[in-house]
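The values are calculated or read from the model by the stated rules, or taken from the named source; none is laboratory data. These numbers were taken from a predicted model, which means no experiment stands behind them. Ideal geometry is used to build each Cβ from the backbone, glycine not excepted, and the neighbour counts take in all protein chains shown. Side chains are part of the model used for accessible areas, which takes the heavy atoms of the whole protein and leaves out ligands, DNA and RNA. Shrake-Rupley method; radii C 1.70, N 1.55, O 1.52, S 1.80 Å.
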Amino acid sequence: MSVLEVRDLVKEYRLRDGRQSRILTAVNHVSFSIETGRTVALVGQSGSGKSTLAKLLMQLEKPTSGQIILDDTPVLRRGAGLKQYRSDVQMVFQDPFASLNPYHTIAHHLGRPLILHGKASGREEVMAGVHRLLERVRLDPDMAERKPHELSGGQRQRIAIARALAPNRASS
Ligand SMILES: Nc1ncnc2c1ncn2[C@@H]1O[C@H](COP(=O)(O)OP(=O)(O)OP(=O)(O)O)[C@@H](O)[C@H]1O
Ligand SMILES: [Mg+2]
(Lines give C-alpha, C1' and ligand atoms only; values in the text may rest on other atoms or scores of the structure.)
(Ligands and ions follow the chains in the order given, each with its own letter.)
Protein backbone atom coordinates (compact mmCIF):
# COMPACT_ATOMS: atom_id res chain seq x y z
CA MET A 1 0.00 0.00 0.00
CA SER A 2 1.30 3.40 -1.02
CA VAL A 3 1.54 6.06 1.64
CA LEU A 4 2.51 9.69 1.45
CA GLU A 5 3.51 10.88 4.86
CA VAL A 6 4.28 14.34 6.15
CA ARG A 7 6.23 14.48 9.43
CA ASP A 8 6.51 17.63 11.48
CA LEU A 9 6.77 19.89 8.44
CA VAL A 10 7.75 23.53 8.99
CA LYS A 11 8.10 26.31 6.42
CA GLU A 12 9.37 29.69 7.47
CA TYR A 13 9.71 32.72 5.20
CA ARG A 14 12.02 35.58 6.04
CA LEU A 15 10.22 38.89 5.51
CA ARG A 16 12.03 42.17 5.10
CA ASP A 17 10.58 44.82 7.34
CA GLY A 18 12.44 48.02 6.58
CA ARG A 19 16.03 47.43 7.64
CA GLN A 20 15.04 44.54 9.85
CA SER A 21 13.73 41.16 8.88
CA ARG A 22 11.31 38.87 10.64
CA ILE A 23 10.26 35.26 10.29
CA LEU A 24 6.78 34.30 9.16
CA THR A 25 5.84 30.70 9.92
CA ALA A 26 3.59 29.63 7.01
CA VAL A 27 3.44 25.92 7.92
CA ASN A 28 3.80 25.12 11.60
CA HIS A 29 4.69 21.51 12.53
CA VAL A 30 2.19 19.71 10.29
CA SER A 31 1.96 15.90 10.27
CA PHE A 32 -0.44 13.60 8.41
CA SER A 33 -0.46 10.62 6.07
CA ILE A 34 -2.45 9.74 2.95
CA GLU A 35 -3.05 6.09 2.12
CA THR A 36 -3.95 4.54 -1.24
CA GLY A 37 -7.58 5.11 -2.10
CA ARG A 38 -8.08 7.68 0.64
CA THR A 39 -8.89 11.33 0.14
CA VAL A 40 -7.60 13.93 2.55
CA ALA A 41 -9.04 17.45 2.59
CA LEU A 42 -7.11 20.37 4.03
CA VAL A 43 -9.37 23.15 5.23
CA GLY A 44 -8.35 26.45 6.76
CA GLN A 45 -8.77 30.18 6.61
CA SER A 46 -7.01 32.41 4.10
CA GLY A 47 -3.29 32.60 4.81
CA SER A 48 -3.24 29.52 7.04
CA GLY A 49 -0.67 27.74 4.84
CA LYS A 50 -2.65 25.40 2.54
CA SER A 51 -0.98 26.48 -0.71
CA THR A 52 2.44 26.53 0.95
CA LEU A 53 1.89 22.94 2.10
CA ALA A 54 0.91 21.97 -1.47
CA LYS A 55 4.10 23.58 -2.80
CA LEU A 56 6.17 21.68 -0.24
CA LEU A 57 4.49 18.41 -1.30
CA MET A 58 5.23 19.21 -4.95
CA GLN A 59 8.86 20.02 -4.04
CA LEU A 60 8.45 23.52 -5.42
CA GLU A 61 9.52 24.89 -2.02
CA LYS A 62 12.11 23.52 0.38
CA PRO A 63 10.90 22.82 3.93
CA THR A 64 12.65 24.61 6.79
CA SER A 65 12.42 21.34 8.73
CA GLY A 66 10.48 18.11 8.77
CA GLN A 67 10.17 15.31 6.25
CA ILE A 68 8.08 14.15 3.32
CA ILE A 69 8.09 10.37 3.06
CA LEU A 70 6.70 8.32 0.16
CA ASP A 71 6.39 4.57 0.75
CA ASP A 72 8.75 4.67 3.75
CA THR A 73 11.42 6.49 1.72
CA PRO A 74 12.27 10.09 2.62
CA VAL A 75 11.94 12.17 -0.51
CA LEU A 76 15.18 13.15 -2.15
CA ARG A 77 15.34 16.60 -3.63
CA ARG A 78 17.61 15.75 -6.52
CA GLY A 79 18.27 13.42 -9.39
CA ALA A 80 16.52 10.12 -9.96
CA GLY A 81 14.78 10.27 -6.59
CA LEU A 82 13.05 13.51 -7.47
CA LYS A 83 12.09 12.26 -10.94
CA GLN A 84 10.49 9.14 -9.47
CA TYR A 85 8.70 11.25 -6.89
CA ARG A 86 7.27 13.48 -9.65
CA SER A 87 5.92 10.37 -11.43
CA ASP A 88 4.02 9.46 -8.27
CA VAL A 89 2.93 12.81 -6.87
CA GLN A 90 1.19 15.27 -9.18
CA MET A 91 -0.95 18.35 -8.76
CA VAL A 92 -4.35 18.99 -10.35
CA PHE A 93 -5.03 22.71 -10.36
CA GLN A 94 -8.36 24.22 -9.39
CA ASP A 95 -8.82 26.13 -12.66
CA PRO A 96 -8.09 23.95 -15.71
CA PHE A 97 -8.52 26.97 -18.03
CA ALA A 98 -5.50 28.54 -16.38
CA SER A 99 -3.38 25.38 -16.61
CA LEU A 100 -4.33 24.18 -20.13
CA ASN A 101 -2.83 26.03 -23.09
CA PRO A 102 -5.61 27.34 -25.41
CA TYR A 103 -3.37 26.96 -28.49
CA HIS A 104 -2.66 23.26 -28.03
CA THR A 105 -4.80 20.16 -28.59
CA ILE A 106 -5.71 17.69 -25.86
CA ALA A 107 -3.36 15.20 -27.57
CA HIS A 108 -0.51 17.67 -27.08
CA HIS A 109 -1.36 18.21 -23.40
CA LEU A 110 -1.41 14.47 -22.67
CA GLY A 111 1.35 13.44 -25.08
CA ARG A 112 3.99 15.77 -23.67
CA PRO A 113 4.18 14.27 -20.15
CA LEU A 114 4.23 10.76 -21.69
CA ILE A 115 7.27 11.75 -23.78
CA LEU A 116 9.00 13.74 -21.02
CA HIS A 117 8.67 10.88 -18.52
CA GLY A 118 9.77 8.27 -21.05
CA LYS A 119 6.40 6.51 -21.19
CA ALA A 120 6.08 6.70 -24.98
CA SER A 121 7.99 7.80 -28.08
CA GLY A 122 7.05 8.05 -31.73
CA ARG A 123 3.70 9.33 -32.92
CA GLU A 124 1.81 6.03 -32.82
CA GLU A 125 2.94 5.03 -29.34
CA VAL A 126 2.24 8.52 -28.00
CA MET A 127 -1.27 8.57 -29.52
CA ALA A 128 -2.01 5.11 -28.08
CA GLY A 129 -0.95 6.45 -24.66
CA VAL A 130 -3.12 9.55 -25.11
CA HIS A 131 -6.13 7.37 -25.92
CA ARG A 132 -5.48 5.17 -22.87
CA LEU A 133 -5.36 8.25 -20.64
CA LEU A 134 -8.63 9.54 -22.12
CA GLU A 135 -10.23 6.16 -21.41
CA ARG A 136 -9.01 6.27 -17.81
CA VAL A 137 -10.96 9.47 -17.23
CA ARG A 138 -13.96 8.18 -19.26
CA LEU A 139 -13.57 10.55 -22.19
CA ASP A 140 -14.01 9.72 -25.86
CA PRO A 141 -10.74 9.20 -27.81
CA ASP A 142 -12.07 11.75 -30.36
CA MET A 143 -11.41 14.44 -27.75
CA ALA A 144 -7.70 14.16 -28.57
CA GLU A 145 -7.90 16.51 -31.54
CA ARG A 146 -9.93 19.19 -29.74
CA LYS A 147 -8.64 22.28 -27.97
CA PRO A 148 -9.48 23.16 -24.34
CA HIS A 149 -12.22 25.71 -25.23
CA GLU A 150 -14.10 22.98 -27.13
CA LEU A 151 -14.65 20.99 -23.91
CA SER A 152 -17.01 21.46 -20.98
CA GLY A 153 -15.65 22.55 -17.61
CA GLY A 154 -15.89 19.03 -16.18
CA GLN A 155 -14.26 17.54 -19.28
CA ARG A 156 -11.40 20.04 -18.98
CA GLN A 157 -10.90 19.08 -15.35
CA ARG A 158 -10.73 15.41 -16.40
CA ILE A 159 -8.03 16.32 -18.94
CA ALA A 160 -6.12 17.93 -16.08
CA ILE A 161 -6.51 14.69 -14.07
CA ALA A 162 -5.43 12.57 -17.08
CA ARG A 163 -2.34 14.76 -17.45
CA ALA A 164 -1.50 14.28 -13.77
CA LEU A 165 -1.80 10.50 -14.27
CA ALA A 166 0.43 10.48 -17.38
CA PRO A 167 3.83 10.23 -15.64
CA ASN A 168 2.62 7.44 -13.35
CA ARG A 169 4.08 3.94 -13.49
CA ALA A 170 0.66 2.48 -14.35
CA SER A 171 0.36 4.53 -17.55
CA SER A 172 3.21 2.96 -19.51
N1 LIG B 1 6.83 33.26 -0.99
C2 LIG B 1 6.36 33.75 0.17
N3 LIG B 1 7.10 34.63 0.87
C4 LIG B 1 6.66 35.12 2.05
N5 LIG B 1 5.49 34.80 2.61
C6 LIG B 1 4.70 33.94 1.95
C7 LIG B 1 5.09 33.38 0.69
N8 LIG B 1 4.10 32.57 0.28
C9 LIG B 1 3.15 32.62 1.22
N10 LIG B 1 3.49 33.45 2.23
C11 LIG B 1 2.73 33.72 3.46
O12 LIG B 1 2.52 32.46 4.10
C13 LIG B 1 1.21 32.39 4.67
C14 LIG B 1 0.48 31.19 4.12
O15 LIG B 1 0.15 31.43 2.75
P16 LIG B 1 -0.61 30.37 1.85
O17 LIG B 1 -0.58 30.90 0.46
O18 LIG B 1 -0.03 29.04 2.09
O19 LIG B 1 -2.08 30.44 2.47
P20 LIG B 1 -3.43 29.66 2.03
O21 LIG B 1 -3.86 28.84 3.20
O22 LIG B 1 -3.20 28.96 0.74
O23 LIG B 1 -4.43 30.89 1.84
P24 LIG B 1 -5.65 31.10 0.78
O25 LIG B 1 -6.81 30.32 1.33
O26 LIG B 1 -5.87 32.59 0.86
O27 LIG B 1 -5.18 30.64 -0.57
C28 LIG B 1 0.54 33.74 4.35
O29 LIG B 1 0.69 34.58 5.48
C30 LIG B 1 1.35 34.28 3.17
O31 LIG B 1 1.35 35.68 3.15
MG1 LIG C 1 -4.04 29.15 -1.22
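For the reader, a short list of remarks on this structure follows.
- Relative to the dominant Cα principal axis of the chain, helix 153-165 is inclined by about 80°.
- Dipole magnitude for the chain: about 580 debye, using +1 per Lys or Arg Cβ and -1 per Asp or Glu Cβ, origin at the Cα centre.
- A128 sits among other residues whose Cβ lies under 14 Å from its own Cβ, and their net charge, with Lys and Arg +1 and Asp and Glu -1, is +1.
- Contact order relative to length of the chain, as percent, for alpha carbon pairs under 8 angstrom and 6 or more apart: 20 percent
- Most fluctuating residue given options A128, A54, A41, as computed from a GNM of the chain linking Cα atoms under 10 Å: A41
- Among G154, A128, I23 the positive-end extreme of the charge dipole of the chain (Cβ point charges): I23
- Largest first, the residues K62, K147 sort by 1.4 Å accessible area into K62, K147.
- Computed over protein heavy atoms with a 1.4 angstrom probe, the accessible surface ordering of L53, L116, largest first, is L116, L53.
- Sites F97 and V10 - FRET efficiency at Förster radius 45 Å, r taken between beta-carbons, to 0.05: 0.85
- The GNM of the chain, with springs linking C-alpha atoms under 10 angstrom apart, assigns the highest mean-square fluctuation among V126, V30, V40 to V40.
- Heavy atoms of R158: accessible area, 1.4 Å probe, square angstrom to 10: 80 Å²
- Maximal additional length on extending the S121-K83 stretch stands at 11.9 nm, based on 0.36 nm per residue less the C-alpha distance.
- Just checking the listed ones, G66, G129, G111: in the Gaussian network model of the chain with Cα springs under 10 Å, the one fluctuating most is G66.
- Listed residue pairs exceeding 19 Å between alpha carbons, taken from K11/K62; K83/K119; K55/K119; K50/K83; K62/K119: K55/K119; K50/K83; K62/K119
- Accessible surface, 1.4 Å probe, highest first, among residues Y85, Y13: Y13, Y85
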